[in-house]
Every structure is written in structure tokens, then in C-alpha cells.
Amino acid sequence: MTVILLAIVIGVAFGAVLDRVGASNPSYINAMLNLTNLNLAKSILLAIGVGSVLMFGGQMLGFVDVGHMSVKTAYAGVFLGGLLLGAGWALSGFCPGTGIVAAATGRKDALFFIAGGLLGAAAYMVTYPSWKASGMLDKIAGGKVTLGTIPGAKYDGLTAISGDILGLVLGLGFIAVAFALPERFVGSPAQAQPAE
């Protein structure tokens, strides 16, 4: 029960942060994707970078148990799914997490997005045998692998580089990019303000 309560508390806190930085507003998403306001992109990059530094630094210091690390299987369908998710994100202004947050804040359009996502998931389940037979779900690069090798992890590394060091370097890189990105690449300051 404690785990469920902790998950709810963390989920609500994460949702509040997503809403606060504008991730639940499709106008902010569109402004980010058309490069007129990169504040949300900077927030995303900073969050990924800080999370990576904390996780991999914690692993190196013994605070984080690598036994809890979960790696998803790599297969061709993941890349196709990623392209579909990106296209849906661009068209709707929501991704699965931000859609739920937007619905919680009272946005009616998010309810249609959620319904569409559930319909898409149902369609995938119904057609799963066809996808399996197509080879799109066959493992690539060994399936569950990491970029670097992490001592004590049950996953193989694609390279002999220390996964913890690689994770720290990539995390710091994300943080640096977050601070180096300009406010916008195109448009005037007036265009950079998304509609509420």
C-alpha cells in the first residue's frame, strides 16, 4: 500500500510540475515544435540531464541499486512507434503524460486525446498477431542492452565504456544544452508567447 501511495504522491507532484512549466498546454507544445519558444524544450532537457546525473551518480556512489534498473527491449517497432508518437504529439499538442495532466486541469480537448490513445492501444492489441508476424517486434542489437557497461546490471552493454560515466557525461551534456539553447530560433518576441 505504501508503494501505491508513494506512486500517487510522486505522480501528482510530477503532474503539477508538468502543468507549471506549460507542458499541458498545446500552445506551448506547438511553440516549442515550431521553434518560436524553446522554454519548454529547455525544461525537458534540464529534467533529463539532472535525472541522469542523479541516477548514474547515485549508482556510482552506491546510493542507487542497479538491480532496480529496467531496460526496455529494442526492436524496429519501437522506432516506428516513436515516429507515430511524435507525429501525434505535434498534431494534438499532447503526449500521454501531458494529456492526462491537461485533462486533470479541465481541458476538454485532452479527453478526446485520451480516448484516441485508448482506441489506438486497443487497435494495437487486436492486430498484435499481425505485428508479431511482420518481424517488427523482433529484437535488434541484442534486445535489452545499454549503451555502456554497468557493473552489477543484468544487461549487456553495446560498448565497453562505463555506463555510469557515459550516463553522467550525457546528463551533463543535456544540462549544458538546456542552458545554451536560445529562447527561440525563429520569430519575434511577440510570437514567442504562446496563447493560454
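The values are calculated or read from the model by the stated rules, or taken from the named source; none is laboratory data. Predicted, not measured: the structure shown is a model, and the values here were computed from it. Because the Cβ atoms are built from the backbone with ideal geometry, glycine has one as well, and the counts that use them run over all protein chains shown. Note: areas computed on protein heavy atoms with side chains; ligands, DNA, RNA excluded. Shrake-Rupley method; radii C 1.70, N 1.55, O 1.52, S 1.80 Å.
Any idea what the dipole of segment 45-169 comes to, in debye rounded to 20, about its Cα centre with Lys/Arg Cβ at +1 and Asp/Glu Cβ at -1?
Here the size comes out at about 260 debye.
Rounded, prolate or oblate: which fits segment 52-134 when a ≥ b ≥ c are the square roots of the eigenvalues of the alpha-carbon gyration tensor, with rounded for a/c under 1.5 and prolate only if a/b beats b/c?
Oblate.
Using the Karplus curve 6.51 cos²θ - 1.76 cosθ + 1.60 with θ = phi - 60°, work out ³J(HN,Hα) for each residue of segment 78-87 in order, rounded to whole Hz, and write x for Gly and Pro.
4, 5, 4, x, x, 5, 5, 4, x, 5
Most fluctuating residue of ILE175, ILE114, ILE140 in a GNM of the chain with Cα springs under 10 Å: which is it?
Result for the chain, Cα springs under 10 Å: ILE140 fluctuates most.
Quote the FRET efficiency, to the nearest 0.05, computed for PHE14 versus LEU83 with a Förster distance R0 of 22 Å and r equal to the Cβ-Cβ distance.
Rounded to the nearest 0.05, the efficiency is 0.30.
Around ASP156, which amide H atoms from residues at least 5 apart in sequence, or from another chain, sit under 5 Å from its own amide H, with H modelled in the peptide plane?
HN-HN under 5 Å from ASP156: THR146.
How much length is gained on full extension from ALA7 to LEU35, taking 0.36 nm per residue of separation minus their Cα-Cα distance?
Difference between extended and current length: 6.7 nm.
Can you list residues whose amide H is under 5 Å from TYR75's amide H, if they're 5+ apart or on another chain and H is modeled 1.01 Å from N?
Counting only residues 5 or more places away or on other chains, the set is ILE140.
Using only the heavy atoms of the protein chains and a 1.4 Å probe, how would PHE94, PHE113, PHE14 rank by accessible area, largest first?
PHE14, PHE113, PHE94
Just to check I understand the Karplus step: with θ = phi - 60° and J = 6.51 cos²θ - 1.76 cosθ + 1.60, what whole-Hz values come out for segment 159-172, glycine and proline as x?
Calculated HN-Hα couplings, in order: 10, 8, 5, 4, x, 5, 5, 4, x, 5, 5, 5, x, 5 Hz.
Measure off, as a whole percent, the carbon and sulfur share of the 1.4 Å-probe accessible area of segment 112-190, all protein chains present.
The nonpolar share, carbon plus sulfur, comes to 74 percent.
In segment 41-73, whose amide N lies under 17 Å from the spot 7 Å out along Cα-to-Cβ of ASP156? List them in ranges.
Once the point is set 7 Å along Cα→Cβ of ASP156, 71-73 turn out to lie under 17 Å by backbone N, inside segment 41-73.
What number comes out for accessible area per residue over segment 1-124 if the probe is 1.4 Å? Units Å², please.
About 60 Å² of surface per residue is accessible.
Run lengths n ≥ 4 of DSSP H only: what is the helix-derived mean residue ellipticity at 222 nm for the chain, with -39500 (n - 2.57) per run over all residues, to the nearest 500?
After summing the helix terms and dividing by residue count, I get -21000 deg cm²/dmol.
If one puts a single equal scatterer on every Cα of segment 71-196 and applies the Debye formula without solvent, what log₁₀ I(q)/I(0) results at q = 0.16, 0.22 Å⁻¹?
-1.11, -1.18
Hey, what do the phi angles of segment 60-76 turn into as Karplus ³J(HN,Hα) couplings, whole Hz, using 6.51/-1.76/1.60 and θ = phi - 60°, x for Gly and Pro?
5, 8, x, 7, 10, 7, 5, x, 8, 6, 10, 10, 7, 5, 8, 8, 4
At a 1.4 Å probe, what is the % contribution of carbon and sulfur to the accessible area of segment 1-66?
76 percent
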